[in-house]
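Bear in mind that the values in this text are calculations on the coordinates, not laboratory data. Computed from a prediction, not measured in an experiment: that's the story for all the values here. FYI the Cβ positions are ideal-geometry reconstructions off the backbone, even for glycines, and counts take in every protein chain you see.
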Amino acid sequence: MKALVQRRYGSAVFGDLDVPVPGPGEVLLEVRSAGVDMGTWHLLTGRPYLVRVLGFGFRGPKSPVPGRDVAGVVKETGPGVTGFSPGDEVFGTCEGSFAEYAVAPVSRLARKPANVSFAEAAAVPISGGTALQGLRGVRAGHRVLVIGAGGGVGSYGVQIAKALGAHVTGVCSTSKVELVRSLGADEVVDYTVADFTGTYDLILDCGGNRKLSRTRRALTERGTLVLVGAENGGSLTGGFERALGAGLLNLFVKHTLVPLMSTERSDVFEELRVLVEAGKVKPPVDREFPLSEGLDAIDHVYSRRSRGKVVVTI
């Protein structure tokens, strides 16, 4: 099969690999599309170095193929698999989705939403699942602020918060204002012109670099701040110390500060499928790249130029 092959951190080539074989509880997928997010760049480069310590390979990547978001067709089922059969269209996560075939555990798959393409489905799992878990507890009438509303997680955060009945303010750059407005945000703040004002029941901070003290001032007395990633740190921790600081600060303040570590599970993806099929969430695909240009797709996401999501099509 053709794949983007990564033998060491920092580089990959378009080449050939053997088709993987599904084990117990796994299926072999014919990959149709693979999603790209900042996590793909982190695992390709091995930076910050914290990702190596967290189990993705200390000296080199554990997976010879990058990519985790996936949408495709079941070709073969491994021992003990129930609920999926060859020919089923699915989406979810796996290791090594930048390839013509990939093995995925059924615990991280759900049936593909019937009303979207494979490319759109591949743009949903990680970013959509992170936004969904970050917004737990939001109710109708709540005021929600999404920082980084034009990016992968943020673009889903705006839509899911609106689906939950919240009043949503999105913060983004000038080039993404129209996208965020089209996603349903009640108010859009261009941070290059002015900063956000007001108070919010929940702030979903998607890789922001604002000081915790500044962001907390925009919370209601019992408000919640959810921190999603951080892209402003150095090569060692990548800004993860901000999340650690929030965890410690939690012990002393009335606010709830959540350094979000989202999980990838079939039940989460099933919730997303329902939202997508109901028309409450639309995958915001900015651009599609062919598999042979997978590295360009990762670079495009890393450049922060993408409005919404980027996918690789096979």
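Just tell me which lysines come within less than 23 Å, Cα to Cα, of residue 75; anything on the same chain fewer than 8 places away is out.
Result set, ordered by chain and number: 2, 112.
Let me know the charge dipole size of the chain about its Cα centre in debye, to the nearest 20, where only the beta-carbon of Lys, Arg (+1) and Asp, Glu (-1) is charged.
For the chain, the charge dipole is close to 1000 debye.
Over the chain, what is the mean sequence separation of C-alpha contacts under 8 Å (at least six apart), divided by residue count, expressed as relative contact order in percent?
20 percent.
If the viscosity is 1.002 mPa s and the temperature 20 °C, what translational diffusion coefficient in µm²/s does Stokes-Einstein give for the stretch 128-259 when Rh comes from Kirkwood over Cα pairs?
148 µm²/s
Suppose a student asked you for the relative contact order of the stretch 128-259, using Cα pairs under 8 Å spaced at least 6 residues apart; what percent would you report?
Computed over the stretch 128-259, the figure is 20 percent.
Hey, if you put +1 on the Cβ of every Lys and Arg and -1 on every Asp and Glu Cβ in the stretch 128-259, which of 198, 171, 256 ends up farthest toward the positive end of that dipole?
Selected residue: 256.
On a full-extension model of 0.36 nm per residue, what is the gain between residue 263 and residue 213, subtracting their alpha-carbon distance, rounded to one decimal in nm?
15.2 nm
GNM, the chain, Cα, under 10 Å: largest mean-square fluctuation among 286, 18, 201?
18
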